[in-house]
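Presented below is the structure to which this report refers.
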């Protein structure tokens with residue numbers, strides 16, 4: 001019997017340097033062996049020194065393209081860079097049309113790891129006000145969690161358990177689930193928090209790889225998680241599998257296996 005391969009819709013930015021965004025989203029889906037449908041929300045110009053041009057696509061244009069990929073065979077959606085309030089509102093509209101039929105994983109992408117901001121205060125407020133009630137899975141790193149919730153960033157980094165209250169506030173605002181990636185924290189091993197409404201929190205550990213740098217790790221994480229969930233993997237198991245893969249990539253960046 002021929003396996004039905006699930007499809008993951010990815011709405012995200014294109015990174016001109018190839019170090020993040022759609023290019024690494026495609027890599028993430030390929031390693032989970034799912035099909036991908038890719039819709040570009042912004043044609044960014046960036047490199048290791050920062051973001052030089054955001055290049056936002058008209059939200060009406062990419063929303064119409066994304067709608068063409070809804071329906072039979074769709075297993076999950078990954079939302080990446082949403083450049084500005086109009087894009088956030090378009091993502092809310094897309095989520096409303098999906099209406100819980102498949103999981104939607106959101107990488108908040110507040111800024112580039114090379115420097116540069118993708119959101120001003122207005123669009124950050126829109127993320128909170130419009131997309132938190134939309135029933136998504138959020139995958140913030142520790143600095144993003146601090147910005148989204150107003151929690152103390154130093155305490156979140158130094159005290160992993162403090163991330164629980166911050167993540168819970170996102171759940172109370174409407175998120176279906178929150179995965180707080182611990183890579184920016186100070187703990188060793190890294191502790192990723194998985195929190196769902198009406199479920200006990202789970203901490204998923206993986207080794208901290210000192211001195212390793214991997215641009216686009218957040219993009220890869222959210223896309224690979226969406227791909228795993230499209231295959232029916234539970235959120236906790238998905239986070240565990242993705243953590244193993246990201247760890248392997250970090251080791252490879254240091255020339256190790």
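Bear in mind that the values in this text are calculations on the coordinates, not laboratory data. Since this is a predicted model, take the numbers as computed values, not measurements. Cβ sites come from the backbone with ideal geometry, for glycine too, and all protein chains shown count toward neighbours.
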Study note, to complete from the structure: Computed on Cα atoms, the radius of gyration and Dmax of the chain in angstrom are 16.8, 53
Check your understanding: Cα convex hull of the stretch 38-116: mean projected area in nm², to one decimal?
Key -> 5.3
Review point. Cα gyration tensor of the stretch 191-236, axes a ≥ b ≥ c as square roots of the eigenvalues: rounded (a/c below 1.5), prolate (a/b > b/c) or oblate?
Key: oblate
Check your understanding: For 193, 54, what ranking results if the residue with the fewest other Cβ atoms within 10 Å of its Cβ goes first?
Key -> 54, 193
Exercise for review: Could you work out, for the stretch 1-138, what percent of all Cα-Cα pairs fall into each 5 Å distance bin, beginning at 0 Å and stopping at the bin that holds the largest distance?
Suggested key: 2, 10, 21, 23, 20, 13, 6, 2, 1, 0, 0
**Study point:** For peptides 150-160, 227-237, 81-91, sequence by mean Cβ density within 10 Å, most packed first
**Key:** 81-91, 227-237, 150-160
Review point. Per residue and in Å³, how big is the convex hull formed by the alpha-carbon atoms of the stretch 1-52?
Key: 59
Practice item. Using Cα pairs closer than 8 Å and at least 6 residues apart in sequence, work out the relative contact order for the stretch 1-57, in percent. Key: 36
Review point. Measuring from centroid to centroid over Cα atoms, what is the spacing of the stretch 209-256 and the stretch 7-24 in Å?
Key: 15
Exercise for review: State the three equivalent ellipsoid semi-axes of the stretch 162-245, derived from the C-alpha gyration tensor as the square roots of 5 times its eigenvalues, in descending order and whole Å.
Suggested key: 20, 17, 11
